[in-house]
Each structure stands twice: as C-alpha cells, then as structure tokens.
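The values are calculated or read from the model by the stated rules, or taken from the named source; none is laboratory data. The structure displayed is predicted, hence computed values, not measured ones. All Cβ positions, glycine included, derive from the backbone under ideal geometry; neighbour counts span all protein chains shown.
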C-alpha cells in the first residue's frame, strides 16, 4: 500500500498572434499509448554469488519522465509500464546491489507503438568481476571483458555492442523488434509462454512554469496504479514558508504508492517561494489568490500564467477530490487573530462543502484529535483540529470546489505564534502525513 514578462505579457501575446494561437493555448494531450515490458535475466549473477538488491528503469521523452521499479523474483527482474505515449523513448535500465549501489546500467531507445507492447529483454553478464547489461539477443564472446581484447574496440567485430549508448547493438535488436518476442514469449527468461508479471505503479514527471520565468519551473507527478480507480489531486508549496506541506507532498510524490487509480501531485506549486522559504516568490504575489472561480484563467492583464498552468493540470485529470497542504499561524481554538482582525486558521481543516466533503472532514478531524494529538491542555488548550470553511476566494481549493463541484480541502496545522502554541516542523509533518493517508483512503486510492 504505502512503500512508503516591452513586458512578458506583450511579448507572449505578440508571439501568439503571429502563430495564430491563443495567448493561453495549451499543448494537446497525447492520447495514443502503448506499453513497455522489461525483463533482466539475473542467473549469471547468482552463479557468481553477486546479489542484486533492486532494479529500475527511467524513460525520457521530451519533458516527460517515467520512473518504474522492477520487481525481482528469483533469477529475473521484471516490470510492465502501461499508458506510455507512442514514439521513441530514451530508456535507462539500472541494476543495483543490496546496498543500493549501481551494479550496471544500459541505455537504449525504445519505440512505442499504439496498442502494442515493446519488449526490453536484458541479461546481466559478468566479465572479470564487472557486471554488464546486454540485450538478451547478444551472445558475449568467450572471455570478453574490459580490456580483454586489444583489437576489440571501435571498428572491431561488426555488430558487437559495448552497451554504452542509446540504440547500440546489432541492427534489428531494438526492443520490440525481435520476431520471436511475441506475447507469452519472453526472450529474457527463455521460458516461452511464461506467465506475464503483474504491472507496477508508474511515476510520470512533467514540468510547468510561468511563461519564460524559469525560476517558477516546477514538477508535476502523475502516479498511476495498474488497477483502475479514481483520480485525486494533492498540492503543496503554495506558500514557501509553510514547510511541512511541501515536504510531505514531496515525499508522497517521490516515494508513496497507491493501490488503484491515479494520484496527481504538485509538491512545490510556487517553486520560487519554496526556494526562498518565503510566503511568496521574488515577485511578491500570493499564488493562492490567482484562481478566480466561475471563469477561465485567460486574462493576461489580471491572471497569472503559473496559476493557469496548474489549473490546466486539474482540468486534464478531473479529480474526484483535491487537497492543498498549508500551515497556519496561531490557534483557532485560542481565538488568535491577525492584525486586521481575521481569525487564525491554525489547526483547521478548511472545507469546500461539495459532495461528501463534510463527512470526510469530520472523519479526519476525529482521527487527528483522537490518535495524533500529543498536546494535552497546554494553558487549557487542546490543540484540537476544527472544521471551518469555505476556502478563501482566489484559492485553488475554492475554485476546484466551485467550478468542478468536487470536495476540496486546505489543511492548516499550526506553526504556533511567538511565545505560545509553538509546534515543530516534524510535528506538523506528522499531521500532514495522517491527513494525506486518510484522504487517499477515503477517496479510494489506497486500502
């Protein structure tokens, strides 16, 4: 379950007019997909008493990155990546020892065709104590190895592949180009008709940014389970000074897995603010006030392109629910107020009341207050979480709830305030993890 911008606007507008495109036009989403299967024969490692502790593959095509962990069962490491956009991908397959150190890596090109599976079958070969990953169709020369044959270099044996470059090897041995590697015939295992390995959770990484402001470039993680299910959306780092939110969102994006469906995570929404550890980036704008409800984010005079990029991701995936991780100031329970008289939101779950939002909020508050609150009446205060709402106008959660009609939440564990109600980053992060886990469980992504 858990594994565990003359202005920029003017320049862009002029470019858009010249190309006949809208200022805020989006790149069409690729919908034609195929799959890639990976297998590594580890039998030679066993014979040499070399233990493989893990294996993985990284696929790169343009700005899209997909990481997949291969499962090791006996003398074979396998994995299946589904929903891969058609085209040529640069793949790096890596084998690790039990200490997590790299044993060998192989780079190659993989051509994905629509509704077809490209097979990447490799063999771990040992020569003079060094491990190499060879295509399964490559037969190593007797005794070959690093420096073994002075004549065996560039211009050596035609078709001989050192395994050091994309697409290397004998023409016709590209993954998926082996006439004998059809369904149920895995050339990496030598076992025709062997049962296919179960598909694994995949992690795709995209990048978005505000126009040409590279300091705002930030990651979007799409975590997909092979099992069908709902889609949920998680955000952190709207405000860079609210550290536990983007810390935990980053953990989820990089290390958590799901049992079904799709989880989309933007861990550091305002990357510039996160980098500065400030509420805003260098432009002083509060990102969480640039999501107007009831209209498109397409006015170059008023809107922020970064907000539009984030909202476009939300629209693409149409989640069943959205959670935005923040940190609050002060303590709502104590009646703490900001200088303008506004009540603190510290220790609250801010709810947009769509669907079952209220029911989930009541559930998670009970879990937090009953099992995860270590504060016992300091100065007569319980530090219990409370439900408030709706989210402030201009916030992502408010727009998601109002425009899409989905449950949307902002989570606000308190930082405390000077002299009282203090909490640590570790404590706030612990609350954030509970919130995310309960959110994913409630909306059906984990057991």
Within segment 273-289, considering residues that are in contact with a helix residue (DSSP H, G or I) (Cβ under 8 Å, 6 or more places away or on another chain) and closer than 17 Å to residue 410 by Cα, the one surrounded by the most Cβ atoms within 10 Å (Cβ to Cβ): 287
Condition test on residue 241, is it at pLDDT 90 or above, over 18 Å from the mean Cα position of the chain (by Cα) and assigned by TED's automatic domain parsing to the domain that holds residue 307? yes
Select from segment 360-388 the residues that are surrounded by 14 or more Cβ atoms within 10 Å (Cβ to Cβ) and part of a strand (DSSP E or B) and write down the one among them that is modelled with the lowest pLDDT. 381
Residue 214 vs (1) buried (at least 16 other Cβ atoms within 10 Å of the Cβ); (2) assigned to a strand (DSSP E or B): all pass except (1)
If you go through segment 290-325 one residue at a time, how many are part of a helix (DSSP H, G or I) and in contact with a helix residue (DSSP H, G or I) (Cβ under 9 Å, 6 or more places away or on another chain)? 7
Test of understanding: among 323, 306, 287, which residue is modelled with pLDDT of 90 or more and out of contact with any strand residue (DSSP E or B) (no Cβ under 9 Å at 6 or more places or on another chain)? 287
For residue 211, are the conditions met, namely being in contact with a helix residue (DSSP H, G or I) (Cβ under 6 Å, 6 or more places away or on another chain) and at pLDDT below 90? yes
Odd one out for residue 86, checked against (1) under 20 Å from residue 200 (Cβ atoms); (2) in contact with a strand residue (DSSP E or B) (Cβ under 7 Å, 6 or more places away or on another chain): (1)
Considering segment 335-357 alone, what residues qualify as being surrounded by fewer than 21 Cβ atoms within 10 Å (Cβ to Cβ), assigned to a strand (DSSP E or B) and touching a helix residue (DSSP H, G or I) at 6+ places or on another chain (Cβ under 8 Å)? 343
Out of 245, 236, which single residue is touching a strand residue (DSSP E or B) at 6+ places or on another chain (Cβ under 7 Å), buried (at least 21 other Cβ atoms within 10 Å of the Cβ) and within 20 Å of residue 316 (Cα to Cα)? 236
In segment 250-272, what residues are touching a helix residue (DSSP H, G or I) at 6+ places or on another chain (Cβ under 8 Å) and assigned to a helix (DSSP H, G or I)? 251, 252
Residue 206 modelled with pLDDT under 95, under 11 Å from the mean Cα position of the chain (by Cα) and either buried (at least 23 other Cβ atoms within 10 Å of the Cβ) or outside the structural domain of residue 37 (by TED's automatic domain parsing) (or both): yes
